[in-house]
Amino acid sequence: MLKQENEYREGERTAVGIDPCKEFLQLAILSPDGKQEFKKLPLLPSITAEIVRSTVPERTQIGIESYGSYGKLFVFELLKKGYDVREVNPSISQKLTDLITEDHSDCLDAVSIAKALVLIPDLPKVSFTEKKLMLAKLSRLRKRLVKDLNGYLNRLHIALTESYGAVYRSLFQTIFTGKALGYFERYPTINDAFSQRKKVIAIIGEEKWALLEQAGQWEKSIYLGLLKIEIRCLIRIIKALQASKKELEEKLKEVGAEDEDVKLLKSFPGIDYITAATLLSEIGNIERFEKEGCLSSYCGVSPVMWQSGTAKVKTKRRKRYSRRLKGILYFISLSQIRLNPESKDYYWRKRREGKTHWQAMNALSRQLIKIIYYMLKNRECYQRETVVH
């Protein structure tokens, strides 16, 4: 067992590396005197008490990676107990493991995470409130729903191409709407449309009916009947996903309306409740970033310096950053080019300097994260003159 509190020397800390899995957490506990202890704890509410029994919160630093998928509630409880929890990028722990051995195990991963705490003192802190935890869960769930929804819509496109031919695309501007989905659920094949001529004309009009007549009908077959079943099943799933997505977005708006940081970010052109909530769910507490450069590094929009021998100093792209956060910033930057004249001018100025689209977007994202950091840090709404040129 680890040292008792009175045995610690000033400044010494226990480093705990946690490798989260679906059903359990693998812990590697490194005491200040170099001793190692391993624990494999089932992912249950009792694990927080087990950690508290083995360590002293004030003298323990905990490192964890990939806590967004498993163990977020556990991390939240650790924060409430007063633990200093740090986020370890998987690429860091992986390289530390490779330095030690080519073998792989959950214990080795946990040890590498613990050693990262000792070797890298400025790892980003994990810090979020219960409201931020709700925003993170809701925004990530919405993202998964959108991904599933797009997948089913693509499958519906394929099925309609078979049952109607290419002419189905001319009937509605988009098949995402309730009217279009209702029509194809009622008339899943072009043969079904011909069997209800008057009703179909009342929905799509004479001009589009003429396109169907020109396309003609398929011969009756078992496969056509199977397509009818498939299309109706897909549409029912799509409608259910759309309803769930709408429900989640309403909940996001409800939770976001009570969050001061969301209100601040909503003053930024092009950022709505969903974008603000998603952004904050990844940034967390702005106080965990000492300066704007730390947040820019975390987002992956600031370069790293590279120099070797007599070669000139140059910059290169970062490898360790939050992919989700950088993706969110990219879409915000796209909307800024459309909505904000200053952002549009900045983007094209970078292009004229010879930068590629991605380099210009990265530069614009860096300017935007500066503004976002300033707003959150100083508790100020967006002002046009805040734009960094």
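Bear in mind these aren't lab numbers, they're just calculated from the coordinates by the rules spelled out. The structure displayed is predicted, hence computed values, not measured ones. Glycine gets a Cβ as well: all are built from the backbone with ideal geometry, and neighbour counts include every protein chain shown.
Here are a few things to note about the model shown:
- Pairs from the table (LYS246/LYS319; LYS147/LYS246; LYS132/LYS370) lying more than 24 angstrom apart at Cα are LYS246/LYS319.
- Going by neighbour counts of Cβ atoms within 10 Å, the residues PHE176, PHE24 line up, fewest first, as PHE176, PHE24.
- Across the chain, counting alpha-carbon atoms alone, Rg and Dmax equal 27.1, 88 Å.
- If the segment from GLU37 to GLN173 were pulled out straight at 0.36 nm per residue, it would be longer than the present Cα-Cα gap by 42.7 nm.
- Highest GNM mean-square fluctuation among ILE120, ILE372, ILE204, for the chain modelled with Cα contacts below 10 Å: ILE204.
- Length-normalised contact order for the chain - Cα pairs under 8 Å, 6+ apart - percent: 13
- Length-normalised contact order for the stretch 30-98 - Cα pairs under 8 Å, 6+ apart - percent: 31
- 5 Å binning of all Cα-Cα separations within the stretch 260-386, expressed as whole percents from 0 upward: 2, 11, 20, 23, 20, 13, 7, 3, 1, 1, 0
- Taking 0.36 nm per residue of separation and subtracting the current Cα-Cα distance, fully stretching the chain between GLN383 and VAL52 would add 114.6 nm.
- Ranked packing of 286-293, 159-166, most packed first, by mean Cβ within 10 Å: 159-166, 286-293
- Theoretical gain in end-to-end length, GLU130 to ILE237 [0.36 nm per residue, Cα-Cα removed]: 35.3 nm
- Nearest-0.05 FRET efficiency for ARG155 and LYS355, computed from C-beta distance (R0 51 Å): 0.85
- Listed by chain and number, the aspartates and glutamates whose C-alpha is less than 20 Å from the C-alpha of LYS263, apart from same-chain residues fewer than 8 away, are GLU130, GLU249, GLU250, GLU254, ASP272, GLU282, GLU287, GLU380, GLU385.
- Calculated FRET efficiency for the pair LEU73/GLU250, C-beta based, R₀ 22 Å, to 0.05: 0.40
- Two-decimal Rg/Rh across the stretch 79-170, once Rg and the Kirkwood Rh are taken from alpha-carbon atoms: 1.28
- Within the chain, helix-based [θ] at 222 nm, where runs of 4 or more DSSP H residues each add -39,500 (n - 2.57), nearest 500: -18500 deg cm²/dmol
- Equivalent ellipsoid semi-axes, the stretch 132-256, via Cα gyration tensor eigenvalues times 5, rooted, Å: 34, 15, 10
- Within the same chain, lysines fewer than 8 places from LYS40 are excluded, and of the rest, those with a Cα less than 21 Å from its Cα are LYS3, LYS22, LYS72, LYS81, LYS115.
- Rg in Å to one decimal, and Dmax rounded to a whole Å, for the stretch 5-126 via C-alpha atoms: 13.3, 39
- Pairs of Cα atoms nearer than 8 Å and 6+ residues apart set the relative contact order; for the stretch 260-386 it is 32 percent.
- Beta bridges by DSSP in the chain, antiparallel share as percent, to the nearest 5: 65
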